Amino acid sequence: MKIETDTVDILNGVRFGKTIGAPITLLIENRDWKNWTEKMSQFEDKSDSVKKIHVPRPGHADFTGRLKYGFNDIRPVIERSSARETAARVAACSVARQFLKELGIEIGSYLSAIGSAIEPEHTLAQEALANGAETLMNLADRSPVRMIHKDTEAKAIALIDEAKTRGDTLGGIIEVFVTGVPIGLGSYAQHDRRLDAHLAAAIISIQAVKGVEIGTAFRNAIRFGSQVHDEIFLDAHGKPYRKTNRAGGLEGGMTNGEPIHLRIAMKPISTLMNPLHSINLDTMQEALSHIERADVCAAPACAVIAESVIAPVLMNALLEKFGGDSLAEIQERLNHYKAHIAKTFAT
């Protein structure tokens with residue numbers, strides 16, 4: 001996590017802080033690349049002098065990737081499947097995130113669990129969320145593990161220290177929220193226009209993420225419908241509101257005006273310093289798995305990635321509905337639409 005500077009150089013596509021329609025090129029320096037010029041040589045064949053890797057790590061892309069693509073070395077699989085590529089994704093998605101923020105749409109996250117350290121309730125998060133998703137994000141950023149409940153944070157840090165001592169790893173549960181989303185992004189009319197499907201696909205594409213839940217989906221699945229669906233009420237001014245958001249802000253593949261809520265399950269990282277049992281694909285003998293540089297727990301970093309990858313999904317859905325060739329034009333159309341919705345409930 002410390003071989004990138006987190007400093008992005010914008011090489012083209014932006015003038016005076018605004019996009020001009022040209023492709024945007026972003027550069028993030030990696031201080032470690034010089035150490036890999038021989039192992040990952042682009043032109044000269046140094047396969048005889050570079051040690052090959054033949055023992056796959058259980059839970060990683062190593063085993064299947066080597067066999068699928070016919071490599072005689074796992075190294076190409078390790079490099080391309082690495083979550084290091086998400087640094088570029090976060091940078092690119094940040095452009096879409098800025099666009100959304102200009103339209104009043106904010107994205108934020110925090111961790112509700114790391115290993116067996118699980119927060120008791122979401123009350124603290126809900127209080128922060130009332131002021132927008134970025135308020136929640138900023139609150140989470142005060143914690144080294146991006147947790148809000150201090151007792152849970154202490155338990156998580158102790159678990160991470162224990163895992164490091166044991167040569168083990170930990171995963172976690174990430175809560176992502178989006179506020180300020182207008183009603184009606186996405187569509188029920190065609191399966192490939194359902195916004196929930198696009199959001200889920202973006203999240204599940206993140207390395208080590210094995211599950212995504214919209215709202216309290218799994219809890220909803222074992223309850224009666226009367227305990228699940230978010231009832232609609234009218235306030236004193238005749239405007240609709242809901243007391244709950246178990247649907248996670250999405251109904252029928254469309255946003256319903258409530259905050260979008262995605263719950264994400266990240267598994268423990270596959271590289272263990274105390275390696276698991278595996279096989280050597282060259283000798284076909286049993287062996288301990290390969291050890292590669294890795295973190296003990298990357299769930300806090302994964303939360304930031306998750307915030308980012310959904311930004312272009314939301315931007316595309318918003319542009320599909322409102323169109324426009326400039327930010328001012330899109331804002332005008334969005335405001336007109338919101339006024340039209342509000343007029344529907346005017347008394």
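Just so you know, all these numbers are worked out from the coordinates, no wet-lab data involved. Only a predicted model underlies this, so the values are computations on that prediction, with no experimental measurement involved. We place every Cβ from the backbone using ideal geometry, glycine too, and count neighbours over all the protein chains shown.
Sites counted here are trypsin sites (Lys or Arg not before Pro) in a DSSP loop (not H, G, I, E or B) having no more than 14 other Cβ atoms within 10 Å; the longest part of the chain that contains none of them is 53-141. Estimated from helices alone, the mean residue ellipticity of the chain at 222 nm is -10500 deg cm²/dmol (sum of -39500 (n - 2.57) over DSSP H runs with n ≥ 4, per residue). Counting every other Cβ atom within 10 Å of each residue's Cβ, His261, His336 order from fewest to most as His336, His261. Available extension along the chain between Met40 and Phe233 is 63.4 nm, counting 0.36 nm per residue and deducting the alpha carbon span. Highest GNM mean-square fluctuation among Ala298, Ala208, Ala221, for the chain modelled with Cα contacts below 10 Å: Ala221.
By counting other Cβ atoms within 10 Å of each Cβ, how are Glu251, Glu127 ranked from fewest to most?
Glu127, Glu251
Working note: Karplus 6.51/-1.76/1.60 with θ = phi - 60° gives the range 209-216 the couplings 7, 10, x, 9, 10, 9, x, 9 Hz, where Gly and Pro are set to x.
In debye, nearest 20, what is the charge dipole magnitude of the chain about its Cα centre with +1 on Lys and Arg Cβ and -1 on Asp and Glu Cβ, if you could check? It would help to have the intermediate numbers written out before the result.
Working: 40 positive and 43 negative charges, 63 e Å.
Dipole of the chain, to the nearest 20 debye: 300 debye.
Helix 86-102 and the longest principal axis of the Cα set of the chain meet at an angle near 10°.
What translational diffusion coefficient, to the nearest whole µm²/s, does the range 230-272 have by Stokes-Einstein, given a Kirkwood radius computed over alpha-carbon pairs, a temperature of 20 °C and 1.002 mPa s viscosity?
Numbers: Rh = 12.8 Å.
It comes out at roughly 167 µm²/s.
The chymotrypsin sites (Phe, Trp or Tyr not before Pro) of the range 10-91 that meet both conditions, a loop assignment by DSSP and at most 10 other Cβ atoms within 10 Å of the site Cβ, are Phe16, Phe43. Taking Met315, Met273, Met40 in turn, the Gaussian network model of the chain (Cα-Cα springs below 10 Å) assigns the largest fluctuation to Met40.
Among Ala342, Ala265, Pro312, whose Cα sits farthest toward the positive end of the charge dipole of the range 219-347 (+1 at Cβ of Lys/Arg, -1 at Cβ of Asp/Glu, about the Cα centre)? Value: Ala342. Pairs with C-alpha atoms separated by more than 21 Å, drawn from the list Lys101/Lys321; Lys155/Lys267; Lys239/Lys321; Lys243/Lys321; Lys52/Lys267, are Lys239/Lys321; Lys243/Lys321; Lys52/Lys267.
The Cβ shell under 12 Å around Glu251 holds other residues with a net charge of 0, Lys and Arg each +1, Asp and Glu each -1. Could you tell me whether the range 1-50 comes out rounded, prolate or oblate from its Cα gyration tensor? Rule is a ≥ b ≥ c as square roots of the eigenvalues, rounded for a/c under 1.5, then prolate if a/b exceeds b/c, otherwise oblate. Oblate. Given +1 at the Cβ of Lys and Arg, -1 at the Cβ of Asp and Glu and no other charges, the dipole of the range 1-50 around its Cα centre is 340 debye to the nearest 20. A straight Cα-to-Cα reach below 15 Å connects Lys210 with the aspartates and glutamates Glu175, residues fewer than 8 places away in its own chain not being considered.
The angle separating the long axis of helix 327-344 from the principal Cα axis of greatest extent in the chain is about 50 degrees.
Of the residues Ile222, Ile53, Ile78, the one that moves most in a GNM of the chain with alpha-carbon contacts below 10 Å is Ile222.
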